[in-house]
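Report on one structure; see the data block that follows.
The values are calculated or read from the model by the stated rules, or taken from the named source; none is laboratory data. Since we're looking at a predicted model, the values are computed, not measured. Cβ: placed from backbone, ideal geometry, glycine included. Neighbour counts: every protein chain shown. The area values use the complete protein model at the heavy-atom level, side chains included, leaving out ligands, DNA and RNA. Shrake-Rupley method; radii C 1.70, N 1.55, O 1.52, S 1.80 Å.
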Amino acid sequence: MAEYTSTLFRKLPKYLLTKQNQTTMVLFVSIFAIIFINIFKPFGSEEWMTKGKFTATQYLLWSTILVTMGMSIVAISRVIMYHYSKKPTQNITIFSYALWVVVELALLSGAFTILALITSYGGAERDPFEIYKNALSNTFFILFIPYIIYIMYLSYQDKNAKLRTIMEENIGNKATSFISFHDDRGILQLTVAKENLLYIESADNYISIWYLKNGQLKKQLVRTTLKETSNQLADTSVVRTHRSFMINIDKIKVLRREKENLFIELDYPGLKDIPVSKTYGEELLKRLVPVK
């Protein structure tokens, strides 16, 4: 019981109070009510509204006018709610929101009762209180369904938005763990986990990407230049070592010098040695042994 009470007095989700969602709710409920009334004519609404004398077109027009008049009351109520919720000292709870909706339905029913009396329907034949009870019943059931549907829709949208945010944050946190390759048209061709990438080799207008998949050495050709790839991977662990090669420095096993030349052995058996030219050697050494 205490948990139920605590839920009722919890602060109402902000998405139910935004101007856009309030406006959309009024429009959705209005359209739903018009369609619902004209298709199902619930609770004898055709007799209640027209005494059975209207054609289908007249009934549609009359029900549209009636719903529009009624929803104008809801629209005014939602404008008041929106501005009320903006006050720093005011917090609309789930309970107060539900109470607000009940008051809206009561006001709508009162407006329909007054309209019925003005048009003489029920004035002499029925007691005003009985008309109000019927109007309240009709209003509640006709509007309850779209209210609940739209609130559930907004809740679903809000959960989806939060899920997308969480996923984007997680993907952003993991972005540096993956390296993507695009062709010369900017189209993504390959994404490799950083720990599986070995090296990249220039092949005329293509690059050969050497990587591991399930422990097996794989190669994929991508139509682009090594220079363009070097620019794209500037902030990664993949660096240029030669005019024809880029390597993943995390996969270096041995860096050895033979006379005036440097060569790299990568951490995979049977791979050829990767040459390091003087042009790129200094930068590579800085990455391997950062200067303090």
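So the values come out like this:
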read-out: Entry for P(r) over Cα pairs in 5 Å bins from 0, in percent (calculated from the structure that is shown) out of (1) 1, 5, 11, 13, 15, 13, 12, 9, 7, 5, 4, 3, 2, 1, 0, 0; (2) 1, 5, 11, 15, 16, 16, 14, 11, 7, 3, 1, 0; (3) 1, 4, 9, 11, 10, 8, 6, 4, 4, 4, 5, 6, 6, 6, 5, 4, 3, 2, 1, 1, 0, 0, 0; value: (3)
read-out: ³J(HN,Hα) computed for each position of the range 57-71 - Karplus, 6.51 cos²θ - 1.76 cosθ + 1.60, integer Hz, glycine/proline x; value: 5, 5, 5, 4, 5, 5, 5, 5, 4, 5, 5, 4, 4, x, 6
read-out: Zone residues, the range 80-112, relative to residue 73, backbone N less than 11 Å from point 7 Å out along Cα-to-Cβ; value: 103-112
read-out: Amide proton proximity set for residue 245, modelled H, under 5 Å, gap of 5+; value: 202
read-out: Sequence of 195, 130, 104, 265 from largest to smallest accessible area, 1.4 Å probe; value: 195, 130, 265, 104
read-out: Ranked order, 219, 86, 259 - accessible area, probe 1.4 Å, largest first; value: 259, 86, 219
read-out: Rounded tilt (10° steps) of 94-118 against the dominant C-alpha axis of the chain; value: 40 degrees
read-out: Angle between the chain longest axis and helix 278-288 axis [Cα atoms, degrees, rounded to 10]; value: 60 degrees
read-out: Under Karplus coefficients 6.51, -1.76 and 1.60, residue-wise ³J(HN,Hα) of the range 200-211 in Hz, glycine/proline x; value: 10, 10, 6, 9, 6, 8, 10, 10, 9, 9, 9, 8
read-out: Per residue convex hull volume, Cα atoms of the range 186-263, in Å³; value: 106 Å³
read-out: Centre separation in Å (Cα based) which lies between the range 74-115 and the range 251-292; value: 72 Å
read-out: Computed accessible area, residue 148, all protein chains, 1.4 angstrom probe, square angstrom; value: 70 Å²
read-out: Sulfur and carbon atoms: percent of accessible area, the chain [1.4 Å]; value: 60 percent
read-out: Fully extended contour minus Cα-Cα distance, from residue 232 to residue 155, at 0.36 nm per residue; value: 23.7 nm
read-out: Theoretical gain in end-to-end length, residue 7 to residue 140 [0.36 nm per residue, Cα-Cα removed]; value: 45.5 nm
read-out: Cβ-based net charge around residue 210, under 9 Å, with every Lys or Arg adding one and every Asp or Glu removing one; value: +1
read-out: Cα-centred dipole magnitude for the chain, charges only on beta-carbon of K, R (+1) and D, E (-1), debye, nearest 20; value: 700 debye
read-out: Rounded to the nearest 10 Å², the accessible area of residue 129 at probe 1.4 Å; value: 130 Å²
read-out: Shape of the range 244-292, Cα gyration tensor, a/c cut at 1.5; value: oblate
read-out: Solvent accessible area, Å² - residue 235, 1.4 Å probe, full protein context; value: 150 Å²
read-out: Per residue accessible area in Å² of the chain, where ligands, DNA and RNA are left out and the probe is 1.4 Å; value: 63 Å²
read-out: Gaussian network model of the chain, springs between alpha carbon atoms under 10 Å - residue of 19, 253, 41 with greatest fluctuation; value: 253
read-out: Nonlocal amide H pairs with residue 93, under 5 Å, H built at 1.01 Å; value: 12
read-out: Residue (of 262, 214, 101) at the positive-pole extreme of the chain, dipole from beta-carbon charges; value: 262
